[in-house]
Each structure stands twice: as structure tokens, then as C-alpha cells.
Amino acid sequence: MLYVALALFSILFIYPFLIQIATSFKTDPDAAAHPLSLVPNPFDLHAWKQIFGQGAGSVPFMRWLSNSVVIATVVTVGRVFLDSLAGYALSRLRFRGRGFVFAALLAVMSVPSVALLIPKFLMVNYLGIYDTYAAMILPLIVDGAGVFIMKQFFDSVPVSIEEAARMDGASIFRTFWSVVLPMARPALITLTILSFQGSWNEFSHFLVVTRGTPEHMTLVTGLASLVSGQLGTGTQYPLKLGAALLTTIPVAVIFFALQRHFIRGANEGGVKG
Amino acid sequence: MTQLGTANQAVGTEAMTPTAQPPRGRRGGGGIRSGEGIAGWVFVSPMIVILGLFMVIPIVMALWVSLTNWNGSVNPFSGGPGAEFVGVRNYSDLFARDGLTRSNFMQSIGNTFWYVLFVVPLQTLLALGLALLVNNRMLKAKGFFRTAFYFPSVTSSIAISTVFLFLFSATGAVNALLGAIGAGQPNWFTDDRGLVHLLFNAVGVDNPGWAQGEVLGRSLWDWVSGPSVALSVIIILVVWTTSGTFMLMFIAALQDLPVEIDEAAALDGTSGWQKLRHVTIPMIRPTLFLVITLGLIGTWQVFDQIYVMGKGNPNGTTLTPAYLSYQQSFGNFKYGSGAAMAFVVFAIIVVLTRIQRWVLTDKDERRPLLRRSKAVAR
């Protein structure tokens, strides 16, 4: 009974992905005629050739892919560094106004992202960086939830070791960088994963701070425009599903390699949604 | 200081000597805490600059814009044509004045009301059900099932929406399946009929007299339509993708329950269902409330899926306030009106969360508030 229920749910959760993979190797007519089949007949690489820039009607996927990689990497590195810096200060350093800064952080974290689309656009416009990589990266490079996770982690680390380092004359930054940060590895890995996944999957932010030309598209915004925007023509399900698969693969690889940390992240930073 | 042992192993720096344990310094000047005031501000300054620049200040700017009729072509703070101050008119247009803006907005609110009413209970129940299944002590291959159920939650909402567009297309997998069992095959994304209306129609009721009254510019009959068939696909999609995350939260809560309670319940001869109802659920109540709260916050913000799967079509039945706000601003260049909508959604979310917390603290004051949710914004 238990296994019947589990098997049923597993099919429900896995089958769509299998269909997705199979369909990306189908021809358009085959995709429409046999939507449930997991065997492409005939086996066809046309969609993937288009994705990799060959054949008629190709789409600049490689450009989008490199945009995605660059942006997700820069955002992740920036977030991990800046979030832990701020988290450390809020947890360990005594400075005037710390309580206020922390309270403000909590307040800012509770602002729903839907209320931020127009505000972000206004500021990006005001700063004159609309439709640039700066506009895509800078607003994402610090996130409140990440700071919070790091602060919580540092709170749980015993203080004596860094005090010892300080007694030996290490500077505050040096103590942070070479003593405390290495201890925070579990939290850093979690934050890295959350940041990469979050910025890789980001959609609405890029939608409002760029013009929507292929130049600044990422895989996700590119896919959206292919599916429902100006680039969409016809059904082209093999192409669309292949593109969606390409968008999913990096996150999937990281997920299967580092599940433990994903699960940690879900329970620690269950803020984003 | 009890964890010192493990921490030592983790670090292993040469700086650790048993003597290096000074009293928590508060000697002022010169101590090991010297310079922390400056360093603290230096460390938090990138965060303050970024969050201030891209969240705090722009929200104030947007509040101002929501009081203007800014059209995007001039400086929004200059006043004059294209950016005139109009007071609360953008807000009153949403609630009090007849017109397209109000009817669209009210329809989006109605849609979202049904959407929330379906998604939040369904995702909570599914997540709890999956967690109970996966948490069974006898179960083998727990990891596999947990992975399978959680995986959709980590992937891109746009990519998943693309897959569902195919699955639910006229010639898609779902219709193939329905055809195989001889059921009807709806044209999912173009079907604007509401589920409650369909139910009424099934018993022969269609737009009856009692449903003609107008509430906020919309007939009662429209308000009770239920989610349209098209919106139902999005409901299924969202329940399917989010239940994995919430399942993990429930698993964490279930694993925190002391084993003795299980045993005591078993000795008392309670059935599985009784145990669930009288023992397990009351004990994971904080998590249950957390999941519902996060669900409420998330559902009112649905945007990505709408953008890809409906854009309000068919007939406005997949409009949500978040999408409408975007559409009004970046499609119709009525930023003031769009910003006003965004703030109304913001207010709704804040109010819902407050109510949630109030319900939680009122009945169960002794329990620490949302114990497992330390890392969650409130």
C-alpha cells in the first residue's frame, strides 16, 4: 500500500521530466502525435542542432548560456563574500547601531519581491544602468536571507578561537578570513548553492531591468521569450523542451551532487518562493 | 563554550593555546575589541549600500510614483505632464471608480482568491502526505523518493512552465491520457469557464437572479466563478512544484519528534489515523503554520508561471495582481497605477501574515513562536 502510493507519486513527479527529455529528440509531428511516448520515432537531433546554433531558425542559445553562466557566477561569488562579511559583523563585531541594522535587515527581508519590480526599475533607470550587466548583477549581489543564514551560523560557533587569533595580533579581517570563514564551510556551501540556483533561475528581475533584446538575455529569460514572447513561432515543442532542459541541467547536476546541502537550504532559508 | 572540542578540530590553527581564553573583553580602547566599531560598519556597508539602493530607497520612490501618473518618458520626479501628482487617484481607481482598471484589478483579485484557496490547502496536504510517506521508518530508498519529490522545487519556474505547456496542450500528454480512458479532452489554455460555474451548470443553474448583485464593480456570479480551467493548470503546476520544499520542512519537523511518543501511542493502541490527528499534527503545528504562511506569501506573488502560461488569457481568467501590475507598468506605461497595485498586494500579504501570526500566538502562547523557522523572515 505504502509502495503503491509512493510509486504513483514518483511517476507523477518524474514522468514529466522523462517526457521532456524524450520530446527534445522528437520531430514536431511526432511530438504532437505521441505526446506520452518516451521513445522518439524517428530519433531526431534537429532541436538540439538549433540550440547549438546550426540549421535554420536557430536561436542565440550560446549567447544566453554564457550570459547565464557569467551572471550566476558573479552573483554567487559576490553574495557568498558580502553576505558572510555582513553576517559576521552582525553576529560578532560590536559596533554602535548593530541592533538597528539587524532590525532593518529583517524588515527589508519581509518585503515581497512582487512589490519590488517597479522600484528596482526606477532605481536602475535613475542610476542610468538600465539594460546593462550592472543592472542585472548589482541588485542581486547581496541578499538579506543569505546574510541572515550566515549570521545564524556564526552565532553558533564558539568565540574563543577567534579571540585567540585576535590576541595573537591578527587583524579583524584576517581573523574573519582565515580563522572563522574556514569553519563556516557548511554554511558557505549552502549559501553558494542557494545563490547559484536563485540567480540561475531568476526571471522577473531580468525582465524589468533589461530591454529584452537577445544581447542581455539569460537562458531563463530567453526561454520565456521563446515560449511566450517575441521569439515564439509555431509550436516547436522539441526546441522549447530542449531549451527548457538545457536551462535545467546545471541546477540538476548540482542538485544531484549536493542534495544534502539543498535540503539544508530549504529548511534554513525557506524565504524565497 | 561546550562545543569547543569540535570547533578546535575543525580549525586547527596554531593560534589555539589553552591560555588564550581571555575574559570577554570590555576594557574599552586597546583591548582585542578595539577597532570593531569601524570594522563592523565597514563589513556591513556593502549590504547597506546594495539593499538601501535597490530596496529601501526605490520603495520610497515607487510610493511617490504611485501618487503620480508617470508614463515612463520623463523624469518621474519632475512633475509636469507625464509625471503629475494625482494624489490617491491611482488607488481609488482600483477600488472605487468604475472603469477598466477596476474591473481588471478586481478580476485579478478574484482569480487570486480562488488560486490561493486551492493552492495553499492542496500544497500543504500534499507536502504533509509525502512527508509522512517518506518518513516511514520501514521505508527503503527514502533518499530516492525525497529527491524525486523535491527536484521540481529547485528547477526554473519558467522551464517547468514550458514542460506543462506541452503536457496540457491540446495534443499533449494529459489529453492523450484522458482520451485513453474515454474522458473529455479540454482545450486547457483557452478554456475560460470557472470550475464552480461548471459545477452549477451541471445541476442546471446558470447565472441566476440571486447572483446579479454587484460587489466592487463585479457581479456576484463572476466572483463565485471559481478558477477557470486555464488557471487550474497553473494551480496544478504550482502545487506540483512547491510541495517538495514544504515536504522537506515537514520531514524536518517529523524527525524532531521524540521516538517515545510513537511508542507510547503504539502501546495505547491508537490507530494510524488517530495518532496522526491527535499526536503528530498537534506536535508539528508550528511547522504547519509556517508552511501555510509561506504558502500565503508565495501564492499572492505568482508571476513567472502567469507570464509564460497565460498572460491573463483567456478572458482575463489568469490575471493576477502581480502580473497586472507588471502589465500596467511595462506594457501600458501607466507606472503610477501599476505601482499602486503592487502596494495593494504588498498590503494584502502583510495583513495575511499578521493574521496568521495572531492566530498562532493567541491559542498557543506557551509554545515558542515558530520554533523551526528561525531563518525565516517575519
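The values are calculated or read from the model by the stated rules, or taken from the named source; none is laboratory data. Note that this is a predicted model, so its numbers are computed, not measured. Ideal geometry is used to build each Cβ from the backbone, glycine not excepted, and the neighbour counts take in all protein chains shown. For accessibility, only protein heavy atoms count, side chains too; no ligands or nucleic acids. Shrake-Rupley method; radii C 1.70, N 1.55, O 1.52, S 1.80 Å.
Having 2 or more residues that are within 9 Å of chain A (Cβ to nearest Cβ) is the bar; report the helices (runs of 4 or more DSSP H) wholly within the range B:139-232 that clear it.
Values: elements: B:142-154, B:157-167, B:173-180, B:195-202, B:220-223.
Ranges flagged: B:142-154, B:157-167, B:173-180.
Quick one: which residue in A:Ile21, A:Ile11, A:Ile51 is within 25 Å of the chain's Cα centre (by Cα), on the phi < 0 side of the Ramachandran plot, open to solvent by 50 Å² or more (accessible area, probe 1.4 Å) and of a type in the set (Val, Ile, Thr)?
On the way: A:Ile11 fails: within 25 Å of the chain's Cα centre (by Cα); A:Ile51 fails: open to solvent by 50 Å² or more (accessible area, probe 1.4 Å).
Only one candidate passes the filter, namely A:Ile21.
Within the group A:Ile19, A:Ile14, which residue is β-branched (Val, Ile, Thr), within 10 Å of another protein chain (Cβ to nearest Cβ) and more than 17 Å from B:Gly244 (Cβ to Cβ)? Break it down stepwise before answering.
Values: A:Ile14 fails: more than 17 Å from B:Gly244 (Cβ to Cβ).
Testing whether each residue is β-branched (Val, Ile, Thr), within 10 Å of another protein chain (Cβ to nearest Cβ) and more than 17 Å from B:Gly244 (Cβ to Cβ) leaves just A:Ile19.
Within the range B:279-317, can you find the residues that are within 28 Å of B:Phe95 (Cβ to Cβ), in a helix (DSSP H, G or I) and open to solvent by less than 10 Å² (accessible area, probe 1.4 Å)?
B:Gly295, B:Thr299, B:Ile306
Under 7 Å by Cβ, and 6 or more places apart or on different chains, what pairs join a residue from the range A:33-45 that is in contact (Cβ under 8 Å) with a residue 40 or more places away in the chain with one that is in a loop (DSSP other than H, G, I, E, B) and not charged (D, E, K, R)?
The qualifying pairs are A:Asp44/A:Phe25; A:Asp44/A:Thr27.
Starting from residues that are open to solvent by 20 Å² or more (accessible area, probe 1.4 Å) and touching a residue at least 24 places away in the same chain (Cβ under 8 Å), keep the ones in the range B:152-173 and report whichever is nearest to A:Leu36 (Cα to Cα). Please lay out each step first, then the result.
Going through the range B:152-173, the residues open to solvent by 20 Å² or more (accessible area, probe 1.4 Å) turn out to be B:153, B:157, B:165, B:170-171.
Okay, now just the ones that are also touching a residue at least 24 places away in the same chain (Cβ under 8 Å), so B:153, B:157, B:165.
On the way: B:Ser153: 23, B:Ser157: 22, B:Leu165: 14 Å.
Filtering the range B:152-173 for residues that are open to solvent by 20 Å² or more (accessible area, probe 1.4 Å) and touching a residue at least 24 places away in the same chain (Cβ under 8 Å), the one nearest to A:Leu36 (Cα to Cα) comes out as B:Leu165.
Anything in the range A:172-186 that is in a helix (DSSP H, G or I), of a type in the set (A, V, I, L, M, F, W, C) and touching a residue at least 40 places away in the same chain (Cβ under 8 Å)? List them, or say none. Give the steps one after another, and end with the answer.
Within the range A:172-186, the subset in a helix (DSSP H, G or I) is A:172-183, A:185-186.
If we keep only those that are of a type in the set (A, V, I, L, M, F, W, C) too, we end up with A:172-173, A:176-177, A:179-181, A:183.
The answer is A:Ile172, A:Phe176, A:Val180, A:Leu181.
Among (1) open to solvent by 50 Å² or more (accessible area, probe 1.4 Å); (2) over 16 Å from A:Val208 (Cβ atoms); (3) of a type in the set (Gly, Ala, Ser), which single condition is A:Ala187 missing?
Among (1) open to solvent by 50 Å² or more (accessible area, probe 1.4 Å); (2) over 16 Å from A:Val208 (Cβ atoms); (3) of a type in the set (Gly, Ala, Ser), A:Ala187 violates only (1).
Considering only the range B:318-342, how many residues are surrounded by fewer than 24 Cβ atoms within 10 Å (Cβ to Cβ) and assigned to a loop (DSSP other than H, G, I, E, B)?
Qualifying residue count, the range B:318-342: 3.
Yes or no: B:Ile235 open to solvent by less than 20 Å² (accessible area, probe 1.4 Å), more than 14 Å from every other protein chain (Cβ to nearest Cβ), part of a helix (DSSP H, G or I) and at negative phi?
Yes; evaluated as a whole, the condition is true for this residue.
Considering only the range B:247-301, state which residues are at pLDDT below 85 and among the hydroxyl-bearing types (Ser, Thr, Tyr).
Listed by number, the residues that qualify are B:Thr270, B:Ser271.
Can you find, within the range B:104-138, the residue that is farthest from the other protein chains (Cβ to nearest Cβ) among those that are more than 16 Å from B:Ser232 (Cα to Cα) and under 15 Å from the mean Cα position of the chain (by Cα)? Break it down into steps so the answer makes sense when it comes.
Residues of the range B:104-138 that are more than 16 Å from B:Ser232 (Cα to Cα), as a first pass: B:104-106, B:124-138.
Still in the list and also under 15 Å from the mean Cα position of the chain (by Cα): B:124, B:127.
Numbers: B:Thr124: 14, B:Ala127: 11 Å.
It comes out as B:Thr124.
Residue check: is B:Thr353 out of contact with any Gly (no Cβ under 7 Å at 6 or more places or on another chain), open to solvent by less than 40 Å² (accessible area, probe 1.4 Å), farther than 19 Å from B:Asn111 by Cα and modelled with pLDDT under 85? Can you show your working first?
Working: out of contact with any Gly (no Cβ under 7 Å at 6 or more places or on another chain): yes; open to solvent by less than 40 Å² (accessible area, probe 1.4 Å): yes; farther than 19 Å from B:Asn111 by Cα: yes; modelled with pLDDT under 85: yes.
For B:Thr353, the condition - out of contact with any Gly (no Cβ under 7 Å at 6 or more places or on another chain), open to solvent by less than 40 Å² (accessible area, probe 1.4 Å), farther than 19 Å from B:Asn111 by Cα and modelled with pLDDT under 85 - is met.
Would you be able to tell me the number of residues in the range A:93-134 that are more than 7 Å from every other protein chain (Cβ to nearest Cβ) and surrounded by fewer than 21 Cβ atoms within 10 Å (Cβ to Cβ)?
Here is the first cut: in the range A:93-134, the residues more than 7 Å from every other protein chain (Cβ to nearest Cβ) are A:97, A:99-100, A:102-105, A:107, A:121, A:124-134.
Of the ones still in play, those that are also surrounded by fewer than 21 Cβ atoms within 10 Å (Cβ to Cβ) are A:97, A:99-100, A:102-104, A:107, A:125-134.
Counting residues in the range A:93-134 that are more than 7 Å from every other protein chain (Cβ to nearest Cβ) and surrounded by fewer than 21 Cβ atoms within 10 Å (Cβ to Cβ) gives 17.
With more than 28 Å from the chain's Cα centre (by Cα) and either more than 21 Å from B:Met55 (Cα to Cα) or open to solvent by less than 10 Å² (accessible area, probe 1.4 Å) (or both) as the only criterion, which of A:Thr218, A:Thr175 stands out? Please lay out each step first, then the result.
Details: A:Thr218 fails: more than 28 Å from the chain's Cα centre (by Cα).
Every option except A:Thr175 fails the conditions.
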